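Note sheet for the following structure.
The values are calculated or read from the model by the stated rules, or taken from the named source; none is laboratory data. Quick caveat, the model's predicted, so the values are computed rather than measured. Please note: Cβ atoms are built from the backbone with ideal geometry, for glycine as well, and neighbour counts cover all protein chains shown. The accessibility values were calculated without ligands, DNA or RNA, using every heavy atom of the protein model including side chains. Shrake-Rupley method; radii C 1.70, N 1.55, O 1.52, S 1.80 Å.
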Amino acid sequence: MAFNVDSLTDYVNQTSKELLTALHFESETAALANVQVGVKSKMALQILTNTPIPQSGTGCSFLASGTTAFTQREIDAKAVKYQDTLCPRTLEAKWTQILLKNGQKYTEADIPARIVTDIVEQIKKHQETADWQGDTGSTNAYLSIYDGLIKIIKAATGTNVATAVSGPVTTSNVRTIMQNVVSKIPVQLKGNAGVKIFCGYDIAELYRQKMFIDNLFHFPVGGNQKNIFAEGSVHEIIPVHGLDGLGASTGDNPFIFAMDPDRNLFLGVDLLNEEEAAEMWYSQDDQNVKYSFRYRRGWQVAFPSEIVEYSNS
């Protein structure tokens, strides 16, 4: 068995030597990803592919046969920050004064918790959208920092393209679309429950509604788009808000994907859970409360040939 290293590049953080043979996960897009910690710029995913070849066992001689190939896919983690200044005194002239304590000496502790909570929630919401729709060529401030999974998968070589249906996605065509996605899952992954179908909550809801319209009442009730499986398959539909609102797009703009997240979704960060560590402080010099929220983030997929993508015609 010979080593084949022809496809390896001569650059990128080579200290990431842990081969992608055993992966770990949890569960909406970042929670489903394999998190790679310590990525301050770029890091190569080290991918191992073995191709052992059987031989006749009748002879006594030793004959090497097969290949162990090492390849890489690069995570490019971009620096992201959210910073702002909050002046508590601005709240004094309106009804918002009731949110402040008595007295004129304010600190960061006097910023209402509901404001801080909402800041964090808004950041997470925009981040979820960027994780899928991010594009460094975008003019949208929320999407332009790093490339998201749609752009990365679309640019990858060897993905499986499901047969397109004339858009937009409606209850009239959503069953056909899901069937087309399932039919393109590579044969070696058919029947593998680890392969999930990712789409927006709006499309998952259309699919659930269609199941009831067609009297397929074995699907979950109660308005929950989760825990639905594509009919006749073991593949769970995973709705994510990062893919919401894309069902009317046409052309080469994929918005439904089938893949095994355990094998394919990789998120590069500098520090684990750093997105939960925002700083807020009272600035004595200008008597304002300030917050700063910094992190690095970047995505990559490991095995494009195992991914199915769907776009409307």
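When region 110-127 is filtered for residues that are part of a helix (DSSP H, G or I) and open to solvent by less than 20 Å² (accessible area, probe 1.4 Å), the ones remaining, listed by number, are Ile123, Gln127.
Yes/no matrix, rows are residues, columns are (1) part of a strand (DSSP E or B); (2) of a type in the set (A, V, I, L, M); (3) closer than 27 Å to Gly194 by Cβ:
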{"site": "Ala30", "(1), (2), (3)": "no, yes, yes"}
{"site": "Leu45", "(1), (2), (3)": "yes, yes, yes"}
{"site": "Asn50", "(1), (2), (3)": "yes, no, yes"}
{"site": "Gly59", "(1), (2), (3)": "no, no, no"}
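Restricting the first member to region 160-183 and to residues that are closer than 17 Å to Asn253 by Cα and outside any loop (DSSP other than H, G, I, E, B), and the second to residues that are of a type in the set (Ser, Thr, Tyr) and at pLDDT 95 or above, the beta-carbon pairs closer than 8 Å and six or more apart or on different chains are Asn160/Ser305; Val161/Tyr310; Val161/Ser311; Ile177/Tyr310; Asn180/Thr163; Asn180/Tyr310; Val181/Tyr310. Pairing each residue of region 48-73 that is surrounded by 11 or more Cβ atoms within 10 Å (Cβ to Cβ) with any residue that is charged (D, E, K, R), provided the two are 6+ apart or on different chains, yields no C-beta distance under 7 Å. Note on region 184-204: among residues that are charged (D, E, K, R) and outside any loop (DSSP other than H, G, I, E, B), the one that is least open to solvent (accessible area, probe 1.4 Å) is Lys196. When you look at Lys42, is it within 28 Å of Leu149 (Cα to Cα), surrounded by 14 or more Cβ atoms within 10 Å (Cβ to Cβ) and among the charged types (D, E, K, R), yes or no? Yes: the conditions hold for Lys42. The set of residues in region 213-231 that are at pLDDT below 90 and small (Gly, Ala, Ser) comprises Gly222, Gly223.
The residue list Ser172, Ser183, Ser144 contains one member that is under 19 Å from the mean Cα position of the chain (by Cα), more than 16 Å from Arg263 (Cα to Cα), of a type in the set (Ser, Thr, Tyr) and modelled with pLDDT of 95 or more, which is Ser144.
Just one residue in the set Thr117, Thr71 is at pLDDT below 85 and more than 30 Å from Asp285 (Cα to Cα); that residue is Thr71.
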